[in-house]
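Computed from the coordinates by the stated procedures, all read-outs in this text should not be read as laboratory data. Computed from a predicted model, the values in this text were never measured in an experiment. For neighbour counting, all protein chains shown are included, and Cβ atoms are generated from backbone atoms with ideal geometry for every residue, glycine included.
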Amino acid sequence: MKKAIIDDGFNSELVYDAEFEGNLEIPKINKPQKIIIPKEIIPYSIFKTRKEYIRYNGGICFYEHDVKFADILKNPKEELENFKNLECVITPDCSLYRDMPLTAQIANVYRSRAIGYYLQKNGIYVIPNIRWGDERSYTNKVFNEKFAFLGIPKNSIVSIGTYGCIQSKESKKYFKEGLKEMIKELKPEVVLVYGSMPNIIFKDLKDETKFINYKDFISRRRKDVI
């Protein structure tokens with residue numbers, strides 16, 4: 001009789017041998033031996049679909065709609081060979097909308113860290129992406145821990161994305177509050193920023209760490225066309 005294959009629904013094999021942090025048991029991504037700053041960052045969907053990037057060896061990110069990187073969330077194992085020649089992979093930017101149920105936000109933090117741990121374990125240079133929602137994710141108001149920052153090494157390199165996330169006054173407020181808490185909690189040596197860096201958010205924080213800015217892919221292409 002053929003043995004049945006059971007899908008556990010959350011790829012538990014990704015975190016085999018992982019360490020976990022906090023009461024929520026978020027997988028830990030290890031601190032790299034050295035900090036590598038990528039010369040360029042492009043979105044995963046561009047890397048996957050554009051023929052001109054077939055020999056691309058810079059960094060890739062997931063600062064785009066979740067549906068565009070759904071395949072790596074389902075089966076990151078299939079991407080290992082494609083990633084091995086890259087300078088770095090920034091972990092998936094799974095959505096943490098402020099109006100999402102808290103359980104869904106926590107699950108998306110878990111998914112991002114689990115994939116990051118798995119890629120790192122298989123020899124990929126991983127830069128953790130940090131995403132937060134409202135104050136419940138970046139303060140101790142729930143679970144007595146800042147779950148948006150769990151599983152991330154301190155005094156290292158991280159990445160954040162502003163593209164499409166700071167359009168309203170309210171969004172800017174939450175983004176700046178979360179960013180201040182992230183810097184306080186993780187004390188990163190380097191923060192990569194994919195997207196714009198408006199002074200209203202970043203001006204008061206530029207002495208707190210080293211920010212490296214990358215224009216989003218669409219803005220870059222528009223400039224090239226013009």
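Ranked by the mean number of other Cβ atoms within 10 Å of their residues, highest first, the peptides 126-136, 143-153 come out as 126-136, 143-153. Sorting 91-97, 32-38 by average packing, meaning the other beta carbons within 10 Å per residue, from highest down gives 91-97, 32-38.
Secondary-structure-derived ellipticity at 222 nm for the chain, considering helices only, amounts to -8500 deg cm²/dmol, per-run term -39500 (n - 2.57) for DSSP H runs with n ≥ 4.
Modelled spin-label separation between residue 20 and residue 200, with each label point placed 7 Å from Cα along the Cα-to-Cβ direction: 4.1 nm. Applying D = kT/(6 pi eta Rh) to segment 1-119, where Rh is the Kirkwood radius over alpha-carbon pairs, T corresponds to 37 °C and eta to 0.692 mPa s, the Stokes-Einstein value obtained is 208 µm²/s. Applying Stokes-Einstein at 25 °C and 0.890 mPa s to the Kirkwood radius of the chain, computed over alpha-carbon pairs, gives a translational diffusion coefficient of 136 µm² s⁻¹. Evaluating 6.51 cos²θ - 1.76 cosθ + 1.60 at θ = phi - 60° for every residue in segment 144-154, the Karplus couplings come out as 6, 7, 8, 5, 5, 10, 5, x, 10, x, 8 Hz, glycine and proline recorded as x.
Spin-label pair residue 171-residue 207: with each label point 7 Å from Cα along the Cα-Cβ axis, the two points sit 3.0 nm from one another. Spatial offset of segment 19-79 relative to segment 121-171 amounts to 15 Å, using the alpha carbon center of each. Cross-link pairs exceeding 29 Å between alpha carbons, from the set 74/141; 77/172; 39/68; 77/169: 74/141; 77/172; 77/169. The slack between residue 35 and residue 50, meaning 0.36 nm per residue of separation minus the straight C-alpha distance, is 2.6 nm.
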